[in-house]
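I have placed the structure first, in the form of structure tokens, so that the comments after it can refer back to it.
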Amino acid sequence: MATAAAKAVGGEHLSIADLDAAKAAALAADIGATVTDGGAIAAQCDYIFLGVKPQVMESALAALRPALAAREKKPVLISMAAGLSVACIQEWSGGMPIIRIMPNTPVAVGEGMTLYT
């Protein structure tokens, strides 16, 4: 998804955070993005892709919630975690607007489609 987004808007407009710093740095170098941490992304970005597994979504959002709550304008959170309802993600995020997406495999090369709700 990050690669496709970089092709669409330019990597310089993207920030990446990952628990694996080397993985984040490698992806950022490939697409021209900036590496940062989740707190900075939660505090500054208007659209935040939550690329985490469903079983860690609650703890990931708990870590971001203070930065999200401090914002004057709510960011839009975009999740591709299957099996979690929009209402659940919204509750865990402290009431942020949510878009839930289901990309298909060809999205990785910019030739797919993504369904959203």
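The values are calculated or read from the model by the stated rules, or taken from the named source; none is laboratory data. Computed from a prediction, not measured in an experiment: that's the story for all the values here. No Cβ is skipped: glycine too gets one built from the backbone with ideal geometry, and neighbour counts run over all protein chains shown. The area values use the complete protein model at the heavy-atom level, side chains included, leaving out ligands, DNA and RNA. Shrake-Rupley method; radii C 1.70, N 1.55, O 1.52, S 1.80 Å.
Go through 23, 7, 53, 73 for me and flag whichever is more than 26 Å from residue 111 (Cα to Cα) and basic (Lys, Arg). Selected residue: 73, the only one of 23, 7, 53, 73 that is more than 26 Å from residue 111 (Cα to Cα) and basic (Lys, Arg). With a requirement of 3 or more residues that are among the polar types (S, T, N, Q) and either open to solvent by 60 Å² or more (accessible area, probe 1.4 Å) or more than 14 Å from residue 5 (Cα to Cα) (or both), none of the helices (runs of 4 or more DSSP H) lying completely within the range 25-117 satisfies it.
Count of the range 70-92 residues, restricted to those that are of a type outside the set (A, V, I, L, M, F, W, C) and touching a strand residue (DSSP E or B) at 6+ places or on another chain (Cβ under 6 Å), is 3. Restricting attention to the range 2-24, the residues that are part of a helix (DSSP H, G or I) and either surrounded by 14 or more Cβ atoms within 10 Å (Cβ to Cβ) or of a type in the set (Asp, Glu) (or both) total 8.
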